[in-house]
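S.K.: Quick one: the structure is below, questions incoming.
The values are calculated or read from the model by the stated rules, or taken from the named source; none is laboratory data. A quick note: this is a predicted structure, and the numbers were derived from the prediction, not measured. Cβ coordinates were reconstructed from backbone atoms using ideal geometry, including for glycine residues, and neighbour counts include every protein chain displayed. Note: accessible area is taken over every heavy atom of the protein model, side chains too, but ligands, DNA and RNA are not part of it. Shrake-Rupley method; radii C 1.70, N 1.55, O 1.52, S 1.80 Å.
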Amino acid sequence: MSKSVLLAVLMMIVAMLLLPTGDGVGKYLGTVTLYSAGFLAWSRYVVGLVAFTPIAIANGVFKGLGFDFIVRQAIRGFFNASAIFCILKAVKTIPLADSYGAFFIAPVVATLLAFLVLKEKVRFVEWLAVIIGFIGVLLVVQPSVQLSSGLIWALASGASFGCFMISTRWAAGTAPPLAQLFGQLFFGFLFTLPLGLGDLLAHGISAPFIVIAMGIISALANLLQILAFGRARAAFLAPFVYAQIIAATSISWFFFGDELNGLAMLGLAIIFSTGFFKIQPSSRPSGPE
């Protein structure tokens with residue numbers, strides 16, 4: 001495995017650890033404020049734009065970008081906004097564990113779309129990693145079987161996130177990473193503006209520092225994803241989405257009082273194992289993943 005691909009794996013894992021952290025902050029804000037999921041999603045984009053736009057402008061990343069850039073970032077922004085809005089709707093009504101149990105259809109969706117849409121060659125070990133990792137996730141979260149509205153929102157979030165990963169890989173290389181992050185944040189901001197503005201006018205600003213922290217965490221996670229997908233195939237990176245369960249389980253345990261039993265520990269071990277066998281050095285020549 002080349003150093004570039006290994007770096008992509010590390011960036012993807014860190015990004016996946018950050019995303020549930022932002023969702024956990026969003027769940028907390030949903031309990032201590034009157035903000036809706038729409039406002040919490042919109043506020044992430046506002047904070048991200050304020051933080052990263054000056055950096056992007058200072059680095060001159062917008063030079064020479066045309067209509068193709070706008071189209072690809074609009075599609076990425078739509079899927080990202082959908083994923084964030086749906087998961088925030090889910091965690092407000094059902095436990096974090098149940099939400100992530102449904103959300104983790106994302107790697108399955110991403111792997112299928114990588115094969116069908118991007119025409120990537122998906123190796124047997126990549127299909128295996130997705131399937132075994134999903135089994136491990138089910139052991140960790142042990143979701144209830146009742147099909148509640150919250151579970152449907154979580155499924156929608158997972159499907160949207162899978163599409164977002166594929167669109168990020170599709171857009172990789174068409175613009176500098178900071179320009180892509182700006183495009184994603186800008187279009188996500190536009191798509192969620194009607195939802196966020198209504199809450200802002202109705203409830204004003206509450207817990208601003210926590211909202212800012214949530215936005216920064218989310219933006220950093222998305223920048224790392226952009227960098228990762230610029231270095232490796234979507235099908236290769238898809239199983240590493242399961243790294244989110246580490247942060248999600250920790251947050252559920254420490255902050256929301258969810259227990260971690262023997263089956264959950266076994267599930268975590270299985271998830272770790274899929275990551276290890278995915279990144280084992282191969283005897284094959286190390287071409288681009």
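S.K.: Within the stretch 160-262, which helices (runs of 4 or more DSSP H) (wholly inside it) include 3 or more residues that are open to solvent by 10 Å² or more (accessible area, probe 1.4 Å) and modelled with pLDDT of 90 or more?
M.R.: Values: elements: 177-203, 208-229, 234-237, 244-256.
Hits in the stretch 160-262: 177-203, 208-229.
S.K.: Let me ask something additional. In this structure, is Val91 hydrophobic (A, V, I, L, M, F, W, C), touching a helix residue (DSSP H, G or I) at 6+ places or on another chain (Cβ under 8 Å) and surrounded by fewer than 22 Cβ atoms within 10 Å (Cβ to Cβ)?
M.R.: Spelling it out, it is not the case that Val91 is hydrophobic (A, V, I, L, M, F, W, C), touching a helix residue (DSSP H, G or I) at 6+ places or on another chain (Cβ under 8 Å) and surrounded by fewer than 22 Cβ atoms within 10 Å (Cβ to Cβ).
S.K.: With respect to Ala15, determine if the residue is closer than 21 Å to Phe229 by Cα, over 20 Å from the mean Cα position of the chain (by Cα) and among the small types (Gly, Ala, Ser).
M.R.: For Ala15, the condition - closer than 21 Å to Phe229 by Cα, over 20 Å from the mean Cα position of the chain (by Cα) and among the small types (Gly, Ala, Ser) - is not met.
S.K.: Quick check: is even one residue across the stretch 192-199 more than 27 Å from Ala247 (Cα to Cα) and of a type in the set (D, E, K, R)? Spell out the reasoning first.
M.R.: Filtering the stretch 192-199 for residues more than 27 Å from Ala247 (Cα to Cα) gives 193-195, 197-199.
Narrowing further to those that are of a type in the set (D, E, K, R): 199.
Checked against the condition, which is being more than 27 Å from Ala247 (Cα to Cα) and of a type in the set (D, E, K, R), the stretch 192-199 yields at least one hit.
S.K.: Here's another thing I want to ask about it. Within the stretch 72-104, track down each residue that is of a type in the set (Val, Ile, Thr) and at pLDDT 95 or above.
M.R.: Of all residues in the stretch 72-104, those of a type in the set (Val, Ile, Thr) come to 75, 84, 87, 91, 93-94.
Listed by number, the list holds a single entry, Ile75.
S.K.: Taking the stretch 27-77, which residues are more than 13 Å from Leu181 (Cα to Cα) and either open to solvent by less than 20 Å² (accessible area, probe 1.4 Å) or within 16 Å of the chain's Cα centre (by Cα) (or both)?
M.R.: Lys27, Leu29, Gly30, Tyr35, Ala37, Gly38, Phe39, Leu40, Ala41, Trp42, Ser43 - these are the residues of the stretch 27-77 that are more than 13 Å from Leu181 (Cα to Cα) and either open to solvent by less than 20 Å² (accessible area, probe 1.4 Å) or within 16 Å of the chain's Cα centre (by Cα) (or both).
S.K.: Hey, does the stretch 89-109 have a residue that's more than 19 Å from the chain's Cα centre (by Cα), within 19 Å of Ile166 (Cα to Cα) and assigned to a helix (DSSP H, G or I)?
M.R.: no
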